[in-house]
Amino acid sequence: MNANFQSNDLGEVIEADRAHLWHHLIQHKPFETIDPRIIVEGKGMRVWDATGKEHLDAVSGGVWTVNVGYGRESIADAVREQLVKMNYFANSAGSIPGSLFAKKLIEKMPGMSRVYYVNSGSEANEKAFKMIRQIAHKKYGGKKTKILYRHRDYHGSTLAAMSAGGQDERNAQYGPFAPDFVRVPHCLEYRKEELGLGHLSGADFGRAAADLIEEVILREGPETVGGLCLEPVTAGGGVITPPEGYWERVQEICEKYDILLHIDEVVCGVGRTGEWFGYQHYGIKPDFVTMAKGVASGYAAIACCVTTEKVFEMFKEDASDPMGYFRDISTFGGCTAGPAAALENMRIIEDEGLLENTTKMGERLLANLEALKAKHPVIGDVRGKGLFAGAELVADRETKQPLDEKLCQAVVADCMAQGVIIGVTNRSLPGFNNTLCFSPALICTAEDIDAITEAVDKALTKVI
Ligand code: PLP
């Protein structure tokens, strides 16, 4: 821990937190009696909290973000150098790191062409939705405004992103939502009975799960559907890896009905699954790719909505139409700190061979979780791609009844007490299940992976 940070500073920090901070996604009542958790420092795979306790971080900053690990001086240096030279000018003008990162990013995304900078995953998705809507007006006379999204996927916290939100418990009490967002069924093979596809497996199941999307398109009318927004591997909805055959069929369906395919890579993007982007495992040809978290590993706020040249062309083909270009702005989407950090983040991933490490360590993580499944009947299913894995907890393997939410929380708390931070997608509402989540930084070692799964093993033995 940093020697300059004296423990007697902490009283003021904790009081200020208690008096003035509104933390994300949690109930604040407990902080009346216990101290809020304050993370003070990080280095590599580890963080230290305000009590001085060391934690092995198995969730990359809590939400799949710090892909290259903590304490990267070269990223801090790149950001500092850039900020001193030129911190900000609106993005109707270009910037040196903005152009260079766009070029480097597109090199990793064959078939894609244009990068639109914003600040968050939600905002990146909103931009894609707006582009799809504008294309519906420009090209289809105001038809094709419907955007399909999938049950259990998540696309952000703003109202239009929530309108495309596949997790009901997140949306409850925040409606009404934007019109013309239409839900399609999930593709989780472990819960295929919910889809009426319990009799199918493997690629037969995958294709049939995709056919459920086509059913929705036919029900709505293909002439009304402009876009389909999907996560390549569903993250917060329970780490759902796509079944075999699914994506090929999805691609066919989009082509058949002239539907723009928007892939939300906010979690999977920039290395998390062992490829630069999750969609690249499945031969997908997207029209839009959105990304955020790992783009600069949390060293600066940056998100991108990336499109093909074909999409871009539609916004400049008729220069005489005063409404024809993308009339949109994002004040901080032009900040230079973001692409400066993102360039160095990408260099680190390349030079340190982190995609290869992700594939290798991801295999180890999955193998360890499978071993835990063999030992602990409470683990019903193990899923994952690269350093992005989940273990779904059930009260009963036969009925697949989700494990009580409090027990899931107790497993996470026990790991935390052991000094390992893991995550859980736990909501006890119908249609949602409890999945322990693991997404260590791409720099993790075999020892880190083993320490993570050993902690889970101990926690399950103790709690269940
Ligand atoms: N898309 C996915 C798949 C996400 O998991 C998230 C956030 O967790 C978002 C979009 C929203 O990103 P942000 O919180 O940066 O707005």
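The values are calculated or read from the model by the stated rules, or taken from the named source; none is laboratory data. It should be emphasised that the depicted structure is a prediction, and the values quoted were computed from it without experimental measurement. Glycine gets a Cβ as well: all are built from the backbone with ideal geometry, and neighbour counts include every protein chain shown.
Numbers below:
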read-out: Unmet criterion (only one of (1) within 23 Å of the chain's Cα centre (by Cα); (2) part of a loop (DSSP other than H, G, I, E, B)) for Val382; value: (2)
read-out: Failed item in (1) within 16 Å of the ligand (Cβ to nearest atom); (2) among the hydrophobic types (A, V, I, L, M, F, W, C); (3) in a helix (DSSP H, G or I), with Phe31 passing the rest; value: (1)
read-out: Matching option when the condition is out of contact with any Lys or Arg (no Cβ under 8 Å at 6 or more places or on another chain), over 20 Å from Arg72 (Cα atoms) and within 16 Å of the ligand (Cβ to nearest atom), among Arg327, Arg383; value: Arg383
read-out: Output for the range 301-314, where each listed residue is touching a residue at least 12 places away in the same chain (Cβ under 8 Å) and away from the ligand (no atom under 13 Å from the Cβ); value: Val306, Thr307, Thr308, Glu309, Lys310, Val311, Phe312, Met314
read-out: Residue ID - farthest from the ligand (Cβ to nearest atom), chosen from residues in the range 268-278 that are under 14 Å from Thr241 (Cα atoms) and touching a Ser or Thr at 6+ places or on another chain (Cβ under 8 Å); value: Gly274
read-out: Pairs, first over 22 Å from His24 (Cβ atoms) in the range 138-160, second part of a loop (DSSP other than H, G, I, E, B) and more than 16 Å from the ligand (Cβ to nearest atom), C-beta under 6 Å, six or more apart; value: Thr145/Asp180; Lys146/Asp180; His151/Pro185
read-out: Any hit, the range 343-351, residues being away from the ligand (no atom under 16 Å from the Cβ) and outside any helix (DSSP H, G or I); value: no
read-out: Leading residue by the ranking (nearest to the ligand (Cβ to nearest atom)) among those in the range 279-298 that are among the hydroxyl-bearing types (Ser, Thr, Tyr) and surrounded by 24 or more Cβ atoms within 10 Å (Cβ to Cβ); value: Thr290
read-out: Top-ranked residue in the range 230-267 [being touching a strand residue (DSSP E or B) at 6+ places or on another chain (Cβ under 6 Å) and small (Gly, Ala, Ser); ranked as nearest to the ligand (Cβ to nearest atom)]; value: Gly236
read-out: Meets criteria (among the aromatic types (Phe, Trp, Tyr) and either within 27 Å of Gly283 (Cβ to Cβ) or within 14 Å of the ligand (Cβ to nearest atom) (or both)) for Tyr149; value: yes
read-out: Residue selected from the range 133-155 under the condition aromatic (Phe, Trp, Tyr) and surrounded by 24 or more Cβ atoms within 10 Å (Cβ to Cβ), by the criterion nearest to Val216 (Cα to Cα); value: Tyr149
read-out: Residue pairs meeting the criteria (Cβ under 8 Å; at least 6 apart or on separate chains; first farther than 23 Å from Thr241 by Cβ and in contact (Cβ under 8 Å) with a residue 24 or more places away in the chain, in the range 384-413; second of a type outside the set (Lys, Arg) and in a strand (DSSP E or B)); value: Asp404/Ala395; Glu405/Asn434; Leu407/Leu393
read-out: Selected residue (criterion: nearest to the ligand (Cβ to nearest atom)) from residues of the range 156-179 that are in a loop (DSSP other than H, G, I, E, B) and crowded, with 18+ Cβ neighbours inside 10 Å; value: Gly156
read-out: Matching residues, the range 121-132, being surrounded by 20 or more Cβ atoms within 10 Å (Cβ to Cβ) and either away from the ligand (no atom under 15 Å from the Cβ) or assigned to a loop (DSSP other than H, G, I, E, B) (or both); value: Met131, Ile132
read-out: Residue that is farthest from the ligand (Cβ to nearest atom), among those in the range 105-120 that are crowded, with 16+ Cβ neighbours inside 10 Å and over 18 Å from Asp287 (Cβ atoms); value: Tyr117
read-out: Filter result for the condition that a residue is at pLDDT 95 or above, under 21 Å from the mean Cα position of the chain (by Cα) and surrounded by fewer than 17 Cβ atoms within 10 Å (Cβ to Cβ), over Glu363, Glu398, Glu352; value: Glu363
read-out: Those residues of the range 263-277 which are under 12 Å from Met109 (Cβ atoms) and either touching a residue at least 40 places away in the same chain (Cβ under 8 Å) or part of a strand (DSSP E or B) (or both), in sequence order; value: Ile263, Val270, Glu275, Trp276, Phe277
read-out: Pair list, Cβ < 6 Å and 6+ apart or interchain, from the range 37-66 residues that are farther than 12 Å from Met416 by Cβ and in a loop (DSSP other than H, G, I, E, B) to residues that are within 16 Å of the ligand (Cβ to nearest atom) and polar (S, T, N, Q); value: Val66/Ser60; Val66/Ser297
